[in-house]
Amino acid sequence: MTSSTTATLRPAAGQAANVQLKYRSQAVAKPYFMAAIGLFVGQIIFGLVMGLQYVIGDFLFPEIPFNVARMVHTNLLIVWLLFGFMGAGYYLIPEESERELHSPKLAMIAFWVFLVAGALTIVGYLAVPYATLARITGNDFLPTMGREFLEQPTITKAGIVVVALTFLYNLSMTVLKGRKTTISMVMMLGLWGLAIFFLFSFYNPHNLVLDKYFWWWVVHLWVEGVWELIMGAMLAFVLVKVTGVDREVVEKWLYVIIAMTLITGIIGTGHHYFWIGTPGYWQVFGSAFSALEPIPFFMMTMFAFNMVNKRRREHPNKAAVLWALGTGVMSFLGAGVWGFLHTLAPVNYLTHGTQITASHGHMAFYGAYAMVVITMISYAMPLLRGREANSNRSQVVEMWSFWLMTIAMVFITLFLTAAGILQVWMQRMGDHPLSFMATQDQLSFFYWLREAAGVVFFAGLLLYIVSFFVRGDARD
Amino acid sequence: MSTRFTKSTARNIFYGGAVFFFLLFVALTFDTVQALPKRDNRANLTEQVVRGKKLWETNNCIGCHTLLGEGAYFAPELGNVYQRRGPDFIKAWIKAQPTGVPGRRQMPNFHLTDSQLDDLVAFLKYSSEINTNHWPPNIEG
């Protein structure tokens, strides 16, 4: 991994420069993408463990209690997406700015720091009880642990800030000294927003309502705010490259999409403020604005299809085009449709905190963020490996992996939705509601089906990795 | 999109919209923070509750349970567990874990002292008295 990177960075060392890369320093993206895929595998393995624990409650107990598996599952997701965003940043910012990255060396140091810190955190989750981890990492000095998705020890959070700052410094210097495009500006805005809103993870008041209120400033303003800017910029970059459509057109779309994202999504945060102690008017604001949140995602779908239909070239990387179209459709379904499903306050009153929420979370994260990162990897990785596109055989395998993972995710979502509807019906409606655990027992059939779909997803992911090793004949 | 709708128009809508709605969000946040003292049960936010919240966090309870509907969906909602089960049951239950019933979902034993159990129950009592606009729909959570 490092040897090939350094070889690409220093062609004088004996190996020819990668002719596919416009700027040699783009090569630092490669280890970021490889780490992202590796962590993705870990995420899915722990997802399968949790899926089994839903039906065989004592599976791997006490070695890996459910809460530990869930922390690993969700934290690996966040970290691999961050690796993907960073890799995308290191790849596309030099190309957009038309100059070499400010400091490829700093990018590699940040890579290793982030990977080691991330790995140590995961080992910490698995090796010791969480309370012990909190004690040995000095949580008492600044207690930030133990909140959903922000379970990382405070020192890990500080490490994330340091890595993010070096990354932003590196990219900002590159942008400032080079050409400024809409894509690079939107990407940078999204990434800076990501770092700034993460700072709210250090605010953990004793007051539970305030705690929850500002916790959403990290979680919601990330995934339904600034991450969509990053997603839009990444998608726009790939579409410019693979379709050859005039940049002016692509960039106009990008602005309209992200305008709608923030116009609907910022006040849309209110859909989390229905039942946590906040005033009742949030039911009106939250319902109205978040009901509009599907619009930017629908535009994302139209954007991808429009650009591909108007393409001025036939890019040999068909797989990347497929992922780009796929992320448009699946983000609309997962984030847009499945989000709308339970976002109106009277509906959410019944569905809040059930498997409906879980179903939405799965398809939204896969459709919007996992798939856009894979879109970027699918486009950039062949170039980073010195060819415009992979062989036909390799692309066929990759497209199979696309369909396996995507269809499996549709079924995971449908089974969880079915479980969620029944849960709401049995536990919250009617005159004789069942208890939580009695309800869960009734749902096990759907949890088994979800686990089966999860196994198919995992097979698709393994096939995706296989596609990197399928050689086949060179295309030209 | 039509040619009259230019990229700079789109850009202006983006920046204008983002700034306007973020400022509106900040204003609503300000109003919410002003309104919270009447809703968030801060009068009962004692030292014991603060200790209980920290125990809640450092044992990663949110990794299986929901609290006011947020968290994991593997184990029961605890925002109203104080009303559903009462303080004595909660403490006895936590002490009795894991049940070890084959095939059942298992909760680890966190080896909490009696005073820690009291802290945790105080936190759950405080949480249960927050004005949540009548959520959850019934006692089962």
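Some points to look at:
- Residue identified as within 10 Å of another protein chain (Cβ to nearest Cβ), surrounded by 24 or more Cβ atoms within 10 Å (Cβ to Cβ) and under 30 Å from B:Pro37 (Cβ atoms) among A:Ile267, A:Ile258, A:Ile276: A:Ile276
- Among the residues listed as A:Met300, A:Met307, the single one being more than 14 Å from every other protein chain (Cβ to nearest Cβ) and open to solvent by less than 20 Å² (accessible area, probe 1.4 Å): A:Met300
- Residue among A:Asn309, A:Asn317 that alone is free of Cβ contacts under 8 Å to residues at least 12 places away in the same chain and within 20 Å of A:Arg247 (Cβ to Cβ): A:Asn309
- Positions within the stretch B:79-113 being among the β-branched types (Val, Ile, Thr) and more than 23 Å from the chain's Cα centre (by Cα), in sequence order: B:Thr99, B:Val101, B:Thr113
- Given (1) crowded, with 18+ Cβ neighbours inside 10 Å; (2) modelled with pLDDT under 95; (3) of a type in the set (D, E, K, R), index of the condition B:Arg11 fails: (2)
- Tabulated pairs, the stretch B:95-108, first outside any loop (DSSP other than H, G, I, E, B), second modelled with pLDDT under 95, C-beta under 8 angstrom, 6+ apart or interchain: none
- Residue within the stretch B:14-30 that is closer than 17 Å to A:Pro205 by Cα and either within 8 Å of chain A (Cβ to nearest Cβ) or surrounded by 19 or more Cβ atoms within 10 Å (Cβ to Cβ) (or both) present: yes
- Applying the condition of being open to solvent by less than 60 Å² (accessible area, probe 1.4 Å) and out of contact with any Gly (no Cβ under 9 Å at 6 or more places or on another chain) to the stretch B:111-141 and asking which residue is nearest to A:Leu208 (Cα to Cα) yields B:Leu117.
- Sole residue being surrounded by 22 or more Cβ atoms within 10 Å (Cβ to Cβ) and in contact with a Pro (Cβ under 6 Å, 6 or more places away or on another chain), chosen from A:Gln395, A:Gln423, A:Gln440, A:Gln427: A:Gln427
For every residue, the table says whether it meets (1) basic (Lys, Arg); (2) in a helix (DSSP H, G or I).
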{"site": "B:Ala10", "(1), (2)": "no, yes"}
{"site": "B:Val19", "(1), (2)": "no, yes"}
{"site": "B:Phe22", "(1), (2)": "no, yes"}
{"site": "B:Lys53", "(1), (2)": "yes, yes"}
{"site": "B:Phe74", "(1), (2)": "no, no"}
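- Residue list for the stretch A:306-326, restricted to those being touching a helix residue (DSSP H, G or I) at 6+ places or on another chain (Cβ under 8 Å) and farther than 17 Å from A:Glu251 by Cα: A:Arg313, A:His315, A:Asn317, A:Lys318, A:Ala319, A:Ala320, A:Val321, A:Leu322, A:Trp323, A:Leu325, A:Gly326
The values are calculated or read from the model by the stated rules, or taken from the named source; none is laboratory data. Because the structure is predicted, anything quoted here is derived from the model rather than measured. Note that each Cβ is placed from the backbone with ideal geometry, even for glycine, and that neighbours are counted across all protein chains shown. To get the accessible areas, we keep the full protein, side chains included, count just its heavy atoms, and leave off ligands, DNA and RNA. Shrake-Rupley method; radii C 1.70, N 1.55, O 1.52, S 1.80 Å.
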